[in-house]
Amino acid sequence: MLQLIENAKSNPLKTAIVEEKKSFSYQNLLDRSEEIASFLLNDKSDLEEAPVAFMVSPGFEYVAVQWAIWRAGGIAVPLCITYPLPSLQYVIEDTKASIILVGNEYVETLKVYQEDSSKLFSSTSEIFDQKSKPLPEIEKSRGAMILYTSGTTSLPKGVLTTHSNIESQISTLVNAWEWSSEDYILEILPLHHVHGIINVLCCALWSGATVEFLNQFSAKEVFKIFLQGNLNVFMAVPTIYFKLISEWEKLPKEEQQKLGQAMASFRLMVSGSAALPVSVMEQWKEISGHYLLERYGMTEIGMAVSNPYKGERRAGYIGKPLPGVKLRTVDEDGNLVKVGEAGEIQIKSPSVFKEYWGKPEATSKSFTQDGWFKTGDIAVFEDGYYRILGRDSIDIIKSGGYKISALEIEEVLRKYPEIKDCGVVGIPNEEWGELVVAALVVENEFDTDLLNIWIRERMPAYKTPRKYIFISDLPRNTMGKVTKNELKKLF
Ligand code: MLC
Ligand code: AMP
């Protein structure tokens, strides 16, 4: 029994989704997901954990497809709607998804799969008037979702979570942050990452709350929705709070006052996915009257550490382990570090993922022998709260809340004919957290605008370097390894 679906049945007429002024009830979601599930099952009684890739715009249809995949016994593989084809193909090929569902607007993007006889490819608009089929019973230990995350390897890895992992991720937050059916949240985050999927969408729907979708982030639009007075919960990455503050500063006094009043009626505003600068937390308090609740998580573990819903929210700190989460900090030899000393965060919890899809070696390397997941994040425990100090790998960049692998970008850059060698690093940036920049070794300097166009056909825009420098050689240590700290100084 999938708890999310069962919960929906208890309040069928309540509004679940608001999208472009249209409302959909929980019953609408149950009906549409059943219809799509019946289509997916075709002549089978259970998809038996077959990965189903779907590229659907945020909104009612996205949720109906996600639920349908779960109800038919498949594994949901959400595709990023802004990816160029090679990035989409990587996910589809890596998961070996044999079923691909797309919103009508993405048929053209993925048309290479339309003719592929080994795959069932369908636009969701073609799924209607399906005869209802009995839906299978789903064991919670079964696979539910694969999300792609960048890491210390050049190519992203698929993170497989089970229904039981996901239910634990959701219920932990629902309890800790006191979600209820009275809540109303805005969804502006991408729906191929945990922040948007679990923390916003699934927590809200689990609780019988309402989710309003805004397809494309815009600070102006977010404030317009704030002023309508329906919202009481908001979650975003620090870059979004930065952008909202910049927009607020441009507004006339009366507008600012109206917004201040609208925000005063919110019960909760959360920041996460990257470090929240203390300055942003302070400015947001001035504007909205809210101390942002900062929490820490990861695709592989869901949310693990949080400032309290009730109690002191300490600026610059991620808080304490959430109920059910075991956390320890260890040195390079795996020994526990003392209070006040830096160590790697390691986690044990029912929310921790099952495996990296098709990568048993990477999976086993990411856990200690006694089952602790190694996050790679370095933290210190001070006066009862954890504070993040950084990561153990300089090759992982966080920009706009997205995790980006420097190695992945370097590999793509090296394929550009004029580039002999290159080094990519993240440099601190107030707005984006870190900015992706690249040092290029070339024969002759060239137009980087052309390079940018070339890159965007191969990688998502958020992975595109924002600054280039040309150098004759990359800085290296005596072993010949590129010294990225030296490289950073060049920017
Ligand atoms: C975009 N731009 C960037 C950029 N991304 N500039 C520098 N660095 C970046 N990373 C610039 C480009 O110049 C672009 O113009 C312009 O911004 C608009 O691009 P956009 O893509 O339309 O940006 P926008 O919609 O404003 O996106 C900003 C954002 C987005 C903050 C809304 O980055 C976002 O949705 N981030 C959230 C990611 C997320 O959900 N992470 C959670 C992962 S899960 P041009 O020239 O390109 O057209 C996780 C676990 C956990 O981390 O703990 O939650
Ligand atoms: P992802 O792999 O995209 O899920 O990103 C997870 C990573 O985001 C974590 O390993 C951290 O490095 C980072 N992260 C998430 N929340 C925070 C936070 N509150 N402060 C600092 N870093 C964070």
### Task
Could you grab the pairs with beta carbons closer than 9 Å, sequence gap of 6+ or different chains, first residue in segment 123-144 and touching a residue at least 24 places away in the same chain (Cβ under 8 Å), second one among the aliphatic types (A, V, I, L, M) and surrounded by fewer than 17 Cβ atoms within 10 Å (Cβ to Cβ)?
137/1; 138/1; 140/1
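What do you reckon, is residue 415 of a type in the set (Lys, Arg), in a strand (DSSP E or B) and either out of contact with any Phe, Trp or Tyr (no Cβ under 6 Å at 6 or more places or on another chain) or more than 13 Å from ligand 1 (Cβ to nearest atom) (or both)?
Working: of a type in the set (Lys, Arg): yes; in a strand (DSSP E or B): no; either out of contact with any Phe, Trp or Tyr (no Cβ under 6 Å at 6 or more places or on another chain) or more than 13 Å from ligand 1 (Cβ to nearest atom) (or both): yes.
Judged against the criteria, residue 415 is not a match.
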### Message
For the structure I just gave you, tell me whether residue 374 is outside any loop (DSSP other than H, G, I, E, B) and within 12 Å of ligand 1 (Cβ to nearest atom).
### Response
no
### Message
Looking at 344, 300, can you tell me which residue is out of contact with any His (no Cβ under 8 Å at 6 or more places or on another chain), assigned to a loop (DSSP other than H, G, I, E, B) and either more than 16 Å from ligand 2 (Cβ to nearest atom) or of a type in the set (D, E, K, R) (or both)?
### Response
300
### Task
Go through 364, 393 for me and flag whichever is assigned to a loop (DSSP other than H, G, I, E, B) and either at pLDDT 95 or above or not aromatic (Phe, Trp, Tyr) (or both).
393
### Task
Could you check segment 174-274 for helices (runs of 4 or more DSSP H) lying wholly inside it with 1 or more residues that are free of Cβ contacts under 8 Å to residues at least 24 places away in the same chain and in contact with a Ser or Thr (Cβ under 7 Å, 6 or more places away or on another chain)?
none
### Task
Working only within segment 428-483, note down all residues that are within 22 Å of residue 190 (Cβ to Cβ), assigned to a loop (DSSP other than H, G, I, E, B) and of a type in the set (Phe, Trp, Tyr).
432
## Note on the structure
Exactly one of 7, 28 is within 16 Å of residue 128 (Cα to Cα), in contact with a helix residue (DSSP H, G or I) (Cβ under 9 Å, 6 or more places away or on another chain) and surrounded by 15 or more Cβ atoms within 10 Å (Cβ to Cβ), and that one is 28
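Taking the conditions exactly as written (in contact (Cβ under 8 Å) with a residue 60 or more places away in the chain and hydrophobic (A, V, I, L, M, F, W, C)), does residue 39 satisfy them or not? Quick ask: steps written out before the conclusion?
On the way: in contact (Cβ under 8 Å) with a residue 60 or more places away in the chain: yes; hydrophobic (A, V, I, L, M, F, W, C): yes.
Yes, satisfied.
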### Message
at pLDDT 95 or above, among the hydrophobic types (A, V, I, L, M, F, W, C) and over 19 Å from residue 400 (Cβ atoms): which single residue out of 234, 266 fits that description?
### Response
266
### Query
Just wondering, is there one or more residues in segment 355-375 that are more than 30 Å from residue 465 (Cα to Cα) and touching a helix residue (DSSP H, G or I) at 6+ places or on another chain (Cβ under 6 Å)?
yes
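Counting only residues that are polar (S, T, N, Q) and either surrounded by fewer than 19 Cβ atoms within 10 Å (Cβ to Cβ) or more than 19 Å from the chain's Cα centre (by Cα) (or both), which one in segment 172-185 is farthest from residue 303 (Cα to Cα)?
Kept after step one, since they are polar (S, T, N, Q), are these residues of segment 172-185: 172, 175, 180-181.
Then keep just the ones that are either surrounded by fewer than 19 Cβ atoms within 10 Å (Cβ to Cβ) or more than 19 Å from the chain's Cα centre (by Cα) (or both); that gives 175, 180-181.
Working: 175: 13, 180: 19, 181: 21 Å.
Among residues in segment 172-185 that are polar (S, T, N, Q) and either surrounded by fewer than 19 Cβ atoms within 10 Å (Cβ to Cβ) or more than 19 Å from the chain's Cα centre (by Cα) (or both), the one farthest from residue 303 (Cα to Cα) is 181.
Take the residues in segment 271-297 that are near ligand 2 (Cβ under 9 Å from one of its atoms) and among the charged types (D, E, K, R), then tell me which one is farthest from residue 199 (Cα to Cα).
Quick first cut of segment 271-297, residues near ligand 2 (Cβ under 9 Å from one of its atoms) only: 271-276, 294-297.
Right, trim to among the charged types (D, E, K, R) and you get 294-295.
Values: 294: 13, 295: 11 Å.
If we take residues in segment 271-297 being near ligand 2 (Cβ under 9 Å from one of its atoms) and among the charged types (D, E, K, R), then 294 is farthest from residue 199 (Cα to Cα).
Among 57, 23, 33, 38, which is under 29 Å from residue 109 (Cα atoms), hydroxyl-bearing (Ser, Thr, Tyr) and touching a strand residue (DSSP E or B) at 6+ places or on another chain (Cβ under 7 Å)? So that I can check it myself, show each step before the final result.
Details: 57 fails: touching a strand residue (DSSP E or B) at 6+ places or on another chain (Cβ under 7 Å); 33 fails: touching a strand residue (DSSP E or B) at 6+ places or on another chain (Cβ under 7 Å); 38 fails: touching a strand residue (DSSP E or B) at 6+ places or on another chain (Cβ under 7 Å).
The match here is 23.
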### Message
Here is a list: 161, 153. Which entry is of a type in the set (Ser, Thr, Tyr), in contact with a Leu (Cβ under 9 Å, 6 or more places away or on another chain) and crowded, with 20+ Cβ neighbours inside 10 Å?
### Response
161
### Residues of segment 132-154 that turn out to be hydrophobic (A, V, I, L, M, F, W, C) and under 17 Å from the mean Cα position of the chain (by Cα), as a count
4
### Summary
Within segment 349-393, the residues that are β-branched (Val, Ile, Thr), more than 17 Å from the chain's Cα centre (by Cα), more than 11 Å from ligand 2 (Cβ to nearest atom) and crowded, with 16+ Cβ neighbours inside 10 Å are 363, 380
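The values are calculated or read from the model by the stated rules, or taken from the named source; none is laboratory data. Source: prediction; values computed, not measured. Glycine also receives a Cβ, built like all others from the backbone with ideal geometry; neighbour counts cover every protein chain displayed.
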